[in-house]
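Only one structure is covered here, and it is reproduced in the block below.
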Amino acid sequence: MIKFFRRIRQQLLSEGKTAKYFKYAIGEIILVVIGILLALQINNWNESRKNRTYEQEILYLINQNLKKDSIALSIELNKLRVSNELTGRLLEQVSVGNYNDSLNHWLGKIISFERFKSQSSAFEVLKSKGIDIISNTELQLELISYYDESVHNVYVANKDVQESFKKDWHPIIQEDFYDYRWREYAIPNDSKSFFEKQSVKSFLKFYRENRSSGEIYSEIALEQISKIRMLSKKHMND
């Protein structure tokens, strides 16, 4: 093609048709520019298509991770709520001098802690590729907020409860209980003497307060998961 155009230019010059030569040369340049622009447009379209395909794939994987997070958070949140409710009921019973065997089972659920590990592998891959691959800005911000803030807050709240368990409850389990099974029961050596201790009542109240922050942060995280999945579904169907 280039040789063909060159022969035409040479013929015009040899025939002394300078004006036509320049017009032809300008036209040839315009054609070349148009060709380049078309090639760039096609390349951009291909890149956009690849990015869109990758975006769909990574959002699908993130959605799968979020489903697992939602299930895990819901399970732990339920345990947390049960523990806080039982703490209130236990303190009420103790306040009226009722030390029946039910308290031992309640205490077993109370003296424990929640665990949660977010499934963030897909989000980490997205960050390594560049989060701007997600073309929806609101979805970008929600993802960053969930993984960098909400999950972190849940981790911190759970860690506070775990540290309190190790510091406050573990010594008590060893010294004041003759039998303890995780989330099943905790049987004091002397129930009346144990529950009448002011330090025990204070630990129970403090433990409930610690768990309350975990409850709030878990609820926020679950709400955010629902919002992200809704935004993701809408964006993928656009």
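Solvent-accessible surface (1.4 Å probe) assigned to LYS167 amounts to roughly 150 Å².
Per-residue SASA remark: PHE165, around 20 Å² accessible (1.4 Å probe; ligands, DNA and RNA not included). Close amide-amide hydrogen proximity is noted between PHE177 and ASN189, each under 5 Å apart and 5 or more residues distant or on a separate chain (H modeled in the peptide plane; Pro and chain starts excluded). Taking the Cα centre of region 116-188 as reference, the dipole from Cβ charges on Lys and Arg (+1) and Asp and Glu (-1) amounts to some 240 debye.
The listed residues ASP101, ASP176, ASP190, ASP69 rank as ASP101, ASP190, ASP176, ASP69 when sorted by accessible area, largest first, using a 1.4 Å probe.
Name the shape class, rounded, prolate or oblate, that the alpha-carbon gyration tensor gives for region 159-238, where a ≥ b ≥ c are the square roots of its eigenvalues, rounded holds for a/c under 1.5, and otherwise prolate holds if a/b is larger than b/c and oblate otherwise. Prolate, since a/c reaches 1.5 and a/b exceeds b/c.
Loop-located GluC sites (Glu not before Pro) in region 125-184 (DSSP state not H, G, I, E or B) with no more than 16 neighbouring Cβ atoms inside 10 Å: GLU184. Taking square-rooted eigenvalues a ≥ b ≥ c of the alpha carbon gyration tensor, is region 84-226 rounded, prolate or oblate, where a/c under 1.5 means rounded and, failing that, a/b exceeding b/c means prolate? Prolate.
Is the C-alpha gyration tensor of region 182-221 telling us rounded, prolate or oblate? Criteria: a/c under 1.5 is rounded; beyond that, a/b larger than b/c is prolate, otherwise oblate. Oblate shape, in that a/c is at least 1.5 and b/c is the bigger or equal ratio.
The values are calculated or read from the model by the stated rules, or taken from the named source; none is laboratory data. Given the structure is predicted, the values throughout are model-derived calculations rather than measurements. Here Cβ is always computed from backbone atoms with ideal geometry, including for glycine, and neighbour counts include all displayed protein chains. The accessibility values were calculated without ligands, DNA or RNA, using every heavy atom of the protein model including side chains. Shrake-Rupley method; radii C 1.70, N 1.55, O 1.52, S 1.80 Å.
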